[in-house]
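I am attaching a structure below and will ask some questions about it afterwards.
The values are calculated or read from the model by the stated rules, or taken from the named source; none is laboratory data. Note that the coordinates shown come from a computational prediction; the quantities given were computed from them, not determined experimentally. Using ideal geometry, Cβ is built from the backbone for each residue, glycine included, and neighbour counts are taken over all protein chains shown.
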């Protein structure tokens, strides 16, 4: 499971009771799962976040899963999509596949089956790249070098020993191609939940990183409203 643990999933289902159980099960398997209960909420969440796979219920009021999938495809042509539906008609399956669905699961389904299908699709989609990120240990940050394995931030002859949380947070910035971290996802990655107090702790640790990196004025950690934070290294 190392190759898919930590994958970010967007689950959109208007069944508020069963979808929560699905979210909890997938999170227990190591995924970070954002749950939304309408097509419109799902679209806004997809625009705001960065997701590795979407699980969409077909039958939702106002905006159904097929419509939502079409809008998601306009934003990202590659993100894998699994449809959930209680319908078994052939034409619905054909429509889903036409929209580029990677899989189609009929309700009721077993949680284990969903997990296995998600896992298989992520591997086919190349989520092994996440494993490569985890194995990467050294980063160049402007005038700094960061060793995630030893948790050292190096500036010239000065070695700064980071705490485990400081190191995980800095690595999260480094692993994203745009230096962007989603607030909810990084809370799950580091603390395992999105608790309000954990959110305040995240603010504190971001401030600590700003202090630790202040010797290089070309490095900034910016607030991104409604998303999280972005680390910018000028000149790179």
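Which of the following residues is exposed (fewer than 15 other Cβ atoms within 10 Å of the Cβ), over 24 Å from residue 34 (Cα atoms) and at pLDDT 80 or above: 152, 138?
138
Still on this model: Taking the conditions exactly as written (part of a loop (DSSP other than H, G, I, E, B) and modelled with pLDDT of 90 or more), does residue 216 satisfy them or not? Lay out the reasoning, then the answer.
Details: part of a loop (DSSP other than H, G, I, E, B): yes; modelled with pLDDT of 90 or more: yes.
Spelling it out, residue 216 is indeed part of a loop (DSSP other than H, G, I, E, B) and modelled with pLDDT of 90 or more.
Quick one: in segment 158-181, of everything that is farther than 22 Å from residue 201 by Cβ and modelled with pLDDT of 90 or more, which residue is surrounded by the most Cβ atoms within 10 Å (Cβ to Cβ)? Walk me through how you get there before you give the answer.
Taking segment 158-181 as the starting set, the residues that turn out to be farther than 22 Å from residue 201 by Cβ are 158-159, 177-178.
If we keep only those that are modelled with pLDDT of 90 or more as well, we get 158-159.
Values: 158: 10, 159: 12.
The qualifying residue surrounded by the most Cβ atoms within 10 Å (Cβ to Cβ) is 159.
Return the total of residues in segment 134-168 being without any contact (Cβ under 8 Å) to a residue 40 or more places away in the chain and either under 20 Å from residue 191 (Cα atoms) or not in a strand (DSSP E or B) (or both).
Of the residues in segment 134-168, the ones without any contact (Cβ under 8 Å) to a residue 40 or more places away in the chain are 135-140, 145-152, 154, 156-159, 161, 163-164, 167-168.
Next cut, either under 20 Å from residue 191 (Cα atoms) or not in a strand (DSSP E or B) (or both) only: 135-137, 148-151, 156-157, 163-164, 167-168.
Going through segment 134-168 one residue at a time, the tally reaches 13.
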